[in-house]
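Trainee: Please read through the structure below; I'll follow up with questions.
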Amino acid sequence: MTEALAACPPGTSRLDLFPLRAVLFPGGLLLLRVFEARYLDLVARCLQRDEGFGVVCLTQGGEVRQRTEAQAPLRFETVGVRARIDAVDALQPGLLSVRCIGQERFAIEGEPRQEADGLWSACVRELAADPSCVPAPEVLGSVEALAAAIATLRERGELPFVPPLRLDDAGWVANRWCELLPTPLAARQQLMALADPRARLSLVDAYLRGKQVVR
């Protein structure tokens, strides 16, 4: 990366990006199978420097770079979540299993840049973390339903959440429901970017009641 590309406006820093057809939430678990050379290099660099990368949701284009056919230009959301690599396992030469944990949200400032190897980067501004707040009484049904879902998943050995479990925190409960529910990517993105965790949980609660998951 050239010095010109590395320079970012005050209050921002350059971050390598990993566009995916998924929305990562703060505190969320992301499991990746990495085989493209650009992302293998990205993982190695992140491990060497003990730093993360940014996950942004694709709105156009594919996750895998096509070499033999035309591909629509890549477009992705301007708000994403930094991912911290938690564990890496080499499944075979050139194929890594990577476990990541969602950290803070960020907003892209200016135009992202794509390097010759296809890797994207951008100047990003860190967004405030959700303030810790207790779920409002009117959404306690959704909290109890999540607790029941967690118990069921544990019995199956399928719990997809990173401890500690924080059922007393509105943002955490909302984020975990967003990961479980089959909502469209655009809706998940809007919920992830919403700054008010109680408002996020209220919207999730309304959805659950509309689907009669909670009564």
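Nothing in this text is a laboratory measurement; each read-out follows from the coordinates by a stated rule. Only a predicted model underlies this, so the values are computations on that prediction, with no experimental measurement involved. Here Cβ is always computed from backbone atoms with ideal geometry, including for glycine, and neighbour counts include all displayed protein chains.
Trainee: Of (1) 16.7; (2) 17.5; (3) 18.5, which is the value of Kirkwood radius over Cα pairs in Å derived from the coordinates here?
Mentor: Working out Kirkwood radius over Cα pairs in Å from the coordinates points to (3).
Trainee: Which percentage, to the nearest 5, of the DSSP beta bridges contained in the chain is antiparallel?
Mentor: Roughly 90 percent of the beta bridges in the chain run antiparallel, per DSSP.
Trainee: When the Karplus curve 6.51 cos²θ - 1.76 cosθ + 1.60 is applied with θ = phi - 60°, which whole-Hz ³J(HN,Hα) does each residue of region 77-90 get, with x for Gly and Pro?
Mentor: Couplings: 5, 9, 10, x, 10, 6, 10, 9, 6, 9, 7, 9, 10, 7 Hz.
Trainee: Next question. Within region 117-215, which GluC sites (Glu not before Pro) sit in a loop by DSSP and count at most 15 neighbouring Cβ atoms inside 10 Å?
Mentor: Here the sparse-neighbourhood loop sites are GLU158.
Trainee: At a 10 Å Cβ-Cβ cut-off, how would you order TYR207, TYR39, fewest neighbours first?
Mentor: Going from sparsest to densest Cβ surroundings: TYR207, TYR39.
Trainee: Additional query: Let me check against my output: what whole-number percent is the relative contact order of the chain, with C-alpha pairs under 8 Å and at least 6 apart?
Mentor: That works out to 22 percent.
Trainee: Spit out the partnerless Cys residues in the chain, using Cβ distances under 4.7 Å as the pairing rule.
Mentor: Among the cysteines of the chain, those whose Cβ sits 4.7 Å or more from every other are CYS46, CYS57, CYS100, CYS133, CYS178.
Trainee: Moving to a separate point now. Counting other Cβ atoms within 10 Å, keep those with at most 14, restrict to DSSP loop, and tell me which trypsin sites (Lys or Arg not before Pro) in region 12-53 are left.
Mentor: Filter output for region 12-53: ARG21.
Trainee: Could I ask something else about it? Report, for region 3-126, the % of DSSP beta bridges that are antiparallel, rounded to 5.
Mentor: Roughly 90 percent of the beta bridges in region 3-126 run antiparallel, per DSSP.
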